[in-house]
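Okay, structure first, notes after.
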Amino acid sequence: MHLAIWMTLCMLWEMNAIGVGHEVHEFPPNFHFSAATAAYQVEGAWNTSGKGENIWDRFIHTHPDWILDHQNADIAADSYHHYQDDINALVQLNVSMYRFSLSWSRILPTGDLNVINHDGVEYYNALINGLLSVKIQPMVTLYHWDLPQPLQDLGGWTNPIMADYFEQYASVAFSLFGDRVKWWITFNEPSHVSSAYADGHQFAPAVESHGIGDYLATHTILQSHTRAYELYKKQFRRKQHGQIGMALFSFWYEPLTRSPTDIAAAERGLEFELGWFANPIFGSGDYPKVMRERVDINSKAEGRVRSRLPYFSRDWIKRMKGSCDFFGLNHYTSTLATTGEDGEKPSRERDSGVVVSEDASWPTTNSNWLRVVPWGMRKMLNYIRLKYNNPPVFITENGYSDEGQLNDNGRVEFYSGYISEMLKAINVDGCNVIGYTAWSLIDNFEWNQGYTKKFGLFSVDYSNKTRPRRAKKSANFFQEMISNNRVPEEIFELLRDSVPEENKEKHPLQFHVPFRLWM
Ligand code: GAL
């Protein structure tokens, strides 16, 4: 009897806390469900029908040995020819949105407006129209890492002229597809785009210029994004009524211990990864203060005449601030942070003064950077809520890597955990999350890991010419969750206490998580 009263009180409390009449394990009204892919990872048809060469084509063809299984994405899942199979998979999933990217070189083979490739435009028209015919909204990423090679030959993102090219490319995309596309992402994970100008052979274009090339690239990317945003606002928004965001990647940085120095290290980790882009757009309009201070000091100590972190003019700061309609978040996992010196000299890593490690008890996946830490999602969302004034957040990627088995229980557990934590962030903490995207719709080409890591809700038979897609167990889980508009209560109950009551009022960096279910 006592237990029943107590449970009712808890339920009432939760309904009060959410104040909108739905239960804590339910999705709010009008919540968007989506699944994602990216052009280079699925399309194939790398040089057919007028497509130009991009930096990943070049990277892979010149250095097959830099890809774990020495494979390439020349054909990949062949979505260029089998996009209807992708649409069928989306229908089966029951999602209301599909996030995919445009291949810049498929539309503008030289990167410039001198050639517009009709077949490329028709391909995206067919895909968009196919989606709309089954009531799935397209969410289109303009740039998911595949720069036309002729633009890389000019220096790529380290050359400020790229902002002109990007704005013009965006203008072509808005003009051609904006009558039907209402959700745009300018850049996918710009921190990774920039790191490819620092880290050498990891990602295309494989430039090695630690702590210089990456800061320069980011400077151009932020300006390119802002110019596309302004262009849309000025010329397209009144007629097209769309929204523009950026998809920002971040680990959650958990302090190694509760010590003030570890908490400060975690905060710096977040500023150097997420704040690098989020602060100019959702914060002060400029790079985070701690980044400015540390890189300036280090650059001076290195005897340089300028800071490796470029400066924005006052005008640019004004323009960048507020240049997104929603906060796209790609979140997968967490890391432990402590203060120390690590990484190349110089490098962004060393500038941050953060040393990261993993908690050995966090469950592993098939990707060595990705451990299963569902409570990190809740902390991440609360951090964004508190730091950037609770903007509308669209989770633009979240997913799990395995070997591709159809009976993918690990993926089902991963999604149950992360989505439950997201629901607590929304329904208990008041985070303004408007949509959720699973990475990925189908198994695809995982960059320098080739086909060795599988993220799909659907498998693809790469030994078959027609690349048939097959639903995994996780696809059925998604389908049911979306139809019922809730995470099954029994799963949610298991995860209920991941952030204890006494932590609720605290900043997420001070939350203590004593009970971790997934260990
Ligand atoms: C993201 C990226 C995707 C995909 C995913 C899984 O960083 O945007 O393209 O590769 O990670 O690793």
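Just one of the listed residues (Arg227, Arg238) is under 29 Å from Trp56 (Cβ atoms), modelled with pLDDT of 95 or more and of a type in the set (D, E, K, R), and it is Arg227.
Just one of the listed residues (Gly450, Gly410, Gly376) is closer than 24 Å to Glu271 by Cα and of a type in the set (Gly, Ala, Ser), and it is Gly376. Residues in the stretch 45-66 that are among the charged types (D, E, K, R), part of a helix (DSSP H, G or I) and surrounded by 13 or more Cβ atoms within 10 Å (Cβ to Cβ): Asp57, Arg58. Report yes if Lys345 is away from the ligand (no atom under 16 Å from the Cβ), of a type in the set (Lys, Arg) and assigned to a helix (DSSP H, G or I), otherwise no. The answer is no for Lys345. Out of the residues in the stretch 221-234 that are polar (S, T, N, Q) and surrounded by fewer than 24 Cβ atoms within 10 Å (Cβ to Cβ), state the one that is farthest from His192 (Cα to Cα). Looking at residues that are polar (S, T, N, Q) and surrounded by fewer than 24 Cβ atoms within 10 Å (Cβ to Cβ), I get Thr226. Listed by first and then second residue, the pairs linking a residue in the stretch 321-350 that is farther than 28 Å from Ala38 by Cα to a residue that is among the aliphatic types (A, V, I, L, M) and in a loop (DSSP other than H, G, I, E, B), with Cβ atoms under 7 Å apart and 6 or more places separating them unless they lie on different chains, are Leu336/Leu256; Ala337/Leu256; Thr338/Leu256; Ser347/Ala198. For the stretch 122-151, name all the residues that are surrounded by 23 or more Cβ atoms within 10 Å (Cβ to Cβ), of a type outside the set (A, V, I, L, M, F, W, C) and in a loop (DSSP other than H, G, I, E, B). His144, Asp146 - these are the residues of the stretch 122-151 that are surrounded by 23 or more Cβ atoms within 10 Å (Cβ to Cβ), of a type outside the set (A, V, I, L, M, F, W, C) and in a loop (DSSP other than H, G, I, E, B). Among the residues of the stretch 237-247, none qualifies, meaning not one is within 16 Å of the ligand (Cβ to nearest atom), in a helix (DSSP H, G or I) and surrounded by fewer than 22 Cβ atoms within 10 Å (Cβ to Cβ). Taken over the stretch 404-431, the criterion of being under 20 Å from Arg99 (Cα atoms) and of a type in the set (S, T, N, Q) is satisfied by no residue. Scanning the stretch 196-222 for residues that are in contact (Cβ under 8 Å) with a residue 60 or more places away in the chain and within 14 Å of the ligand (Cβ to nearest atom), we see that the one that is farthest from Leu142 (Cα to Cα) is Gln202. Listed by first and then second residue, the pairs with beta-carbon distance under 6 Å, at least 6 apart or on different chains, first residue in the stretch 290-314 and crowded, with 17+ Cβ neighbours inside 10 Å, second of a type in the set (Val, Ile, Thr), are Arg308/Ile212; Arg308/Val295; Leu309/Val295. Of everything in the stretch 27-44 that's within 12 Å of the ligand (Cβ to nearest atom) and in contact with a helix residue (DSSP H, G or I) (Cβ under 6 Å, 6 or more places away or on another chain), which residue is farthest from Tyr415 (Cα to Cα)? Checking each candidate, the answer is Tyr40. Looking across the stretch 152-195 at every residue that is without any contact (Cβ under 8 Å) to a residue 40 or more places away in the chain and either aromatic (Phe, Trp, Tyr) or not in a helix (DSSP H, G or I) (or both), the one that is surrounded by the most Cβ atoms within 10 Å (Cβ to Cβ) is identified as Gly155.
Within the stretch 384-415, take every residue that is of a type in the set (S, T, N, Q) and buried (at least 21 other Cβ atoms within 10 Å of the Cβ) and give me the one that is farthest from Trp252 (Cα to Cα). Within the stretch 384-415, the match that is farthest from Trp252 (Cα to Cα) is Ser401. All conditions but one from (1) buried (at least 18 other Cβ atoms within 10 Å of the Cβ); (2) assigned to a loop (DSSP other than H, G, I, E, B) apply to Trp369; the one that does not is (1). The condition (being away from the ligand (no atom under 15 Å from the Cβ) and either in a strand (DSSP E or B) or surrounded by fewer than 16 Cβ atoms within 10 Å (Cβ to Cβ) (or both)) is satisfied by just one residue among Asp119, Asp85: Asp119.
Of the residues examined, Ile426 is not one that is over 16 Å from the mean Cα position of the chain (by Cα), within 16 Å of the ligand (Cβ to nearest atom) and among the β-branched types (Val, Ile, Thr). Can you spot a residue in the stretch 296-317 that is over 27 Å from Thr186 (Cβ atoms) and of a type in the set (S, T, N, Q)? Yes - at least one qualifying residue is present in the stretch 296-317. Within the stretch 441-455, the set of residues being among the hydrophobic types (A, V, I, L, M, F, W, C) and either more than 8 Å from the ligand (Cβ to nearest atom) or over 17 Å from the mean Cα position of the chain (by Cα) (or both) comprises Leu441, Ile442, Phe445.
Checking each residue in the stretch 446-468 for being surrounded by fewer than 21 Cβ atoms within 10 Å (Cβ to Cβ), in contact (Cβ under 8 Å) with a residue 60 or more places away in the chain and more than 20 Å from Asn88 (Cβ to Cβ) picks out Asn448, Gln449, Gly450, Tyr451, Thr452. When the stretch 256-307 is filtered for residues that are out of contact with any strand residue (DSSP E or B) (no Cβ under 7 Å at 6 or more places or on another chain), farther than 22 Å from Thr226 by Cβ and outside any helix (DSSP H, G or I), the ones remaining, listed by number, are Thr257, Arg258, Ser259, Glu302, Gly303, Arg304, Val305, Arg306.
The values are calculated or read from the model by the stated rules, or taken from the named source; none is laboratory data. Everything quoted here is computed from the prediction, not taken from an experiment. Cβ: placed from backbone, ideal geometry, glycine included. Neighbour counts: every protein chain shown.
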